[in-house]
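Trainee: Sharing a structure here in structure tokens format.
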Amino acid sequence: MHRLAMGVALGLVGMLALVPDTLAGGRPGGHGGGILARHGGQRQRLAPRYYATETFVTPAFSAQAEEVADTTTCQTCRYLRLKNETGQKLTVYLQYRTQTTDSKYRWYPEAPATAPKALVFQLKPGAESDLYHDDWQINACRVRVWAVAADGSEWLDYKDTDLWLVEADDAGERYYAAPEMDTFTFSFAR
């Protein structure tokens, strides 16, 4: 049951042989990988329907692998959660950079370089809290976050330096594959 198909894959034209799993040395369970492609300047995850074996492309037969592949996307931001381990009430200041609905990145409430304006949160001793800006749960690729306690103690490590919520890979790209956005927890410690 061989079919030859002319295909266009990521802008390259080529001949692909579609064969049953057993003819290509089969990989039970398929794989949950995928290809990251750029479309209109945006990275997007292409769900794998086939996996390559030297010169063949074979269907992945695992329904579970298909389900995982179809629900995994390329994430560039994480939700932010703050934890207060100082033993004191903190006033926390936050500036965050996130992706907008038009797929551009923007700092909120304003860019650190142009204005010192920041969101302000009160965090009780021992508290762990997800943050919201109006009714929107804050998610970001990077933040500026600092705090001051009533006794004058300060946590300023990330006041003038970006804290990245998504680590860079070997190529310097900042993304991770997940079915939904992860949460990054930042702790203020004694």
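The values are calculated or read from the model by the stated rules, or taken from the named source; none is laboratory data. All of these numbers come straight from a predicted model, not from anything done at the bench. Methodologically, a virtual Cβ is constructed for each residue, glycine included, from the backbone with ideal geometry; neighbour enumeration extends over all protein chains shown.
Trainee: Which of the following residues is β-branched (Val, Ile, Thr), surrounded by fewer than 16 Cβ atoms within 10 Å (Cβ to Cβ), touching a strand residue (DSSP E or B) at 6+ places or on another chain (Cβ under 6 Å) and modelled with pLDDT of 95 or more: Thr98, Thr161, Thr183? Even if it seems obvious, please write down each step before you answer.
Mentor: Values: Thr98 fails: surrounded by fewer than 16 Cβ atoms within 10 Å (Cβ to Cβ); Thr161 fails: touching a strand residue (DSSP E or B) at 6+ places or on another chain (Cβ under 6 Å).
Answer to the selection: Thr183.
Trainee: Determine, yes or no, whether Leu165 is closer than 15 Å to Trp107 by Cα and of a type in the set (A, V, I, L, M).
Mentor: On the way: closer than 15 Å to Trp107 by Cα: yes; of a type in the set (A, V, I, L, M): yes.
Answer is yes for this residue.
Trainee: Thr91 is checked against (1) surrounded by 13 or more Cβ atoms within 10 Å (Cβ to Cβ); (2) β-branched (Val, Ile, Thr); (3) farther than 29 Å from Arg190 by Cβ and fails just one. What number does that condition carry?
Mentor: (3)
Trainee: Report yes if Tyr158 is touching a Ser or Thr at 6+ places or on another chain (Cβ under 7 Å) and either under 13 Å from Cys77 (Cβ atoms) or in the same structural domain as Leu82 (by TED's automatic domain parsing) (or both), otherwise no.
Mentor: Taking the combined requirement at face value, the residue does not satisfy it.
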